[in-house]
Amino acid sequence: MEFALFHEIPVARPWTPRAERDAYHAVIEQAVLAEQADFHSVWTVEHHFLEEFSHCSNPEVLYGAIAAKTSKLRIGYGVRLMPFPYNHPIRSAESAAVLDLISDGRVEFGTGRSSTRAELEGFGINPHHTRALWEEAIDVIVAAWTDDVLEWDSAQYQIPPRRVLPKPLQDPHPPLWGATSSPESHRIMGEKGMGLLSFTIGTPPEELKDRIDLYRDGLTRAKPVGKVVNGRAGTFTMVHVAPTREEARATAAESFEWYARHGTEAVASVSKWMRETGQASGTYAYGDALADLDTSFLTFDYLESTGACIVGDPDTCIETAKRYRAAGCDLLLCLMNPYKIPHAKVMQSLELMGKHVIPALRG
């Protein structure tokens, strides 16, 4: 199992004039240390309007800074939002290609369709259209990367013959990934031959195994949307390692609880929106149960006891991480600052990961 550093880039209130600046500079420093600690990759989200939760709205600029300061750490879009007008697929293809060139072929291209009311409503996107927009945008991007001349004519995109430049360095193109929170979509990612990004909050690794099994089943019937199959299963979880279990718990508890509850509420927001407007949830039906959920049960004790996070001293974290490996996870995306964990504590956690946890899980 490989390990990745994952960032939402939260900025907790009260906001100071330098709070966002400091958050971004901390991410860059953490990425540099993650490479030294032998992490496989660093990934960030693309989110909009999510106050405190994520201030990472234009990550391509950040990726360029990380690429300039690292040499082997892979750089993951976690994810690029596919529906227009978040991003036009030509612009997405160009962005990833430029990053692939300047990083010497280190891009991992994660895709998603968005899952919060704040973002969809803010950009005027109909939730019932997002899956189709996601699917078509991927097709356009792959064609832009691999066809000498791209031409496209559909209800959404009318593109006359054009050479989309530059082309990515990786041949035939950067690995494609698809993000999902719903069990059924895990199978869809397999059927599309995409790497799985399982973004499930508060899910124990034994439940994750069932979802990864759905993905593996889908892979047996894969008709890849890209030129090759990317058959890796990735999931994310909150991680904090400290010299002692007591220190780890004291540092992580508030932030882990905050993220679990606010993340669950964000994912439920589309279902609540659909109810308010008298519409069926459609492909966001997975959020219906969350819309009625009392999130008070998402305590730190619950997350820790179920393995829905990795927290503690190195030995404890190794044992919990082994449960994720046993579930079939190939890439564990480690969210190491879900809310307000100090930068120094994140750096300490990264060092301990590199010294103890990563070597134990690769053995």
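The values are calculated or read from the model by the stated rules, or taken from the named source; none is laboratory data. What you see is a predicted model, and the numbers here were worked out from it, not measured in a lab. Counting neighbours? That spans all protein chains shown, and the Cβs are built from the backbone with ideal geometry, glycine included. Just so you know, the surface numbers come from the protein's heavy atoms only, side chains and all, with ligands and any DNA or RNA stripped out. Shrake-Rupley method; radii C 1.70, N 1.55, O 1.52, S 1.80 Å.
With all protein chains kept in place, the per residue accessible area of region 245-348 amounts to 41 square angstrom at a probe of 1.4 angstrom. Quarter the surface of the alpha carbon convex hull of region 86-184 and you get the mean projected area, 7.1 square nanometres.
Please give the calculated 222 nm ellipticity per residue for the chain, where each DSSP H segment of at least 4 residues contributes -39500 (n - 2.57) and the sum is spread over every residue; nearest 500 deg cm²/dmol? Present the calculation step by step, with values, prior to reporting the outcome.
Numbers: 13 runs with 161 residues, N = 363.
Only helices count here, giving -14000 deg cm²/dmol.
In region 232-363, taking the dipole from charged Cβ atoms about the Cα centre, the farthest positive-side position among Ser296, Thr277, Met238 is held by Met238.
When DSSP assigns beta bridges and you keep just the ones with both residues in the chain, what percent turn out antiparallel, to the nearest 5? Don't skip to the answer; put the middle values down first.
Details: 3 of 40 bridges.
Close to 10 percent.
In this Cβ point-charge picture (+1 for Lys and Arg, -1 for Asp and Glu), region 1-103 has a dipole of about 140 debye about its Cα centre.
Would you work out the charge dipole size for region 117-180 about its Cα centre, treating the Cβ of every Lys and Arg as +1 and the Cβ of every Asp and Glu as -1, and quote it to the nearest 20 debye? Kindly include the intermediate steps, with their values, before the conclusion.
Numbers: 5 positive and 10 negative charges, 33 e Å.
The calculated dipole for region 117-180 is roughly 160 debye.
Surface composition of the chain: carbon and sulfur make up 52 percent of the accessible area, probe 1.4 Å.
Between the alpha-carbon centers of region 269-307 and region 34-98, tell me the distance in whole angstrom. When both Cα centres are located, 27 Å separates them. Here's the list of lysines a cross-link from Lys322 could span, going by alpha-carbon distance under 20 Å and ignoring same-chain residues fewer than 8 apart: Lys209, Lys355.
Distance from the Cα centroid of region 249-264 to that of region 149-220 is 29 Å (rounded to whole angstrom). Near Phe6, the amide H atoms lying under 5 Å from its own belong to Trp43, Cys334, Leu335, Met336; only residues 5 or more places off or on other chains count, and H is placed 1.01 Å from N.
Near Val79, the amide H atoms lying under 5 Å from its own belong to Glu46; only residues 5 or more places off or on other chains count, and H is placed 1.01 Å from N. In the chain, Cα pairs under 8 Å separated by at least six residues give a relative contact order of 21 percent. Taken about its Cα centre, the chain carries a charge dipole of roughly 520 debye when the Cβ of each Lys and Arg holds +1 and the Cβ of each Asp and Glu holds -1. The Cα atoms of the chain define a convex hull whose projected area, averaged across directions, is 17.3 nm².
Using a 1.4 Å probe, what is the accessible area per residue for region 1-149, in Å²?
Numbers: 5420 Å² over 149 residues.
Dividing the accessible area of region 1-149 by its residue count gives 36 Å².
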